[in-house]
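Below is one structure, written out as structure tokens; the observations come after it.
The values are calculated or read from the model by the stated rules, or taken from the named source; none is laboratory data. Just so we're clear, the structure is a prediction, and the values are computed from it rather than from any experiment. Don't worry about glycine lacking a Cβ; one is built from the backbone with ideal geometry, like all the others, and counts go over all protein chains shown. We work out accessible area using only protein heavy atoms, side chains counted, and drop any ligands, DNA or RNA first. Shrake-Rupley method; radii C 1.70, N 1.55, O 1.52, S 1.80 Å.
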Amino acid sequence: MHDEFLCHVTAYGSCDGRRIGVPLGTYRAPTLPLALWWLRDRATWIAARLDLEPGGTVIPDHALAPVAPTAPDAPGVLRAWCADVRQQRLVAEELTAGKLVRIATSDDTTEYELMAESVDALRMQRTMSGLALPVA
């Protein structure tokens, strides 16, 4: 029944004391394997941008700031999630059951969130909550 999946990636940070979300991408996956692939691809994409390779892209002076040694390793968490077959299976089971899946990690300043849910489950929730328009 759950054939299509809506996937989102968002980064959250603070600005003037308020929590601000910055969308990093959305994908309407026509199949479960494509939804899982997209989530892993976006997790890898974020991790690659957080962990810069030495000698890679030239970075302007003062563009980076050191983090505390106790800061969580967000890129490491994202890469570990991508490589964990058990976690991938669990996400697939949750999505197949029509549940919302949320994978989140953070560093000193930003929270990175990957979410996916069944388009069919969203439709059913709207219908059940009375958001569907009555037929005249």
Notebook entry, point to check: Is the stretch 96-118 home to any residue that is in a helix (DSSP H, G or I) and open to solvent by 30 Å² or more (accessible area, probe 1.4 Å)?
Noted result: yes
Next item on the list: Could you tell me whether the stretch 47-58 includes any residue that is assigned to a helix (DSSP H, G or I) and of a type in the set (Lys, Arg)?
Entry: yes
Next item on the list: Sort out which residues of the stretch 30-47 are open to solvent by less than 50 Å² (accessible area, probe 1.4 Å) and out of contact with any Pro (no Cβ under 7 Å at 6 or more places or on another chain), and write them in order of number.
Entry: Leu32, Ala35, Leu36, Trp38, Leu39, Arg42, Ala43, Ile46
Check: Where residues in the stretch 66-95 are of a type outside the set (Val, Ile, Thr), open to solvent by 80 Å² or more (accessible area, probe 1.4 Å) and assigned to a loop (DSSP other than H, G, I, E, B), which of them is modelled with the highest pLDDT?
Finding: Asp73
Next item on the list: Tell me which of these Pro23 doesn't satisfy, since it passes every other one: (1) modelled with pLDDT of 95 or more; (2) surrounded by 11 or more Cβ atoms within 10 Å (Cβ to Cβ); (3) not in a helix (DSSP H, G or I).
Entry: (2)
Note to self: Can you list residue pairs whose Cβ atoms sit under 6 Å apart, with the first residue in the stretch 87-101 being at positive phi and the second being open to solvent by less than 60 Å² (accessible area, probe 1.4 Å) and not in a loop (DSSP other than H, G, I, E, B)? Count only pairs 6 or more apart in sequence or on different chains.
What the structure shows: Gly98/Ser118; Gly98/Ala121
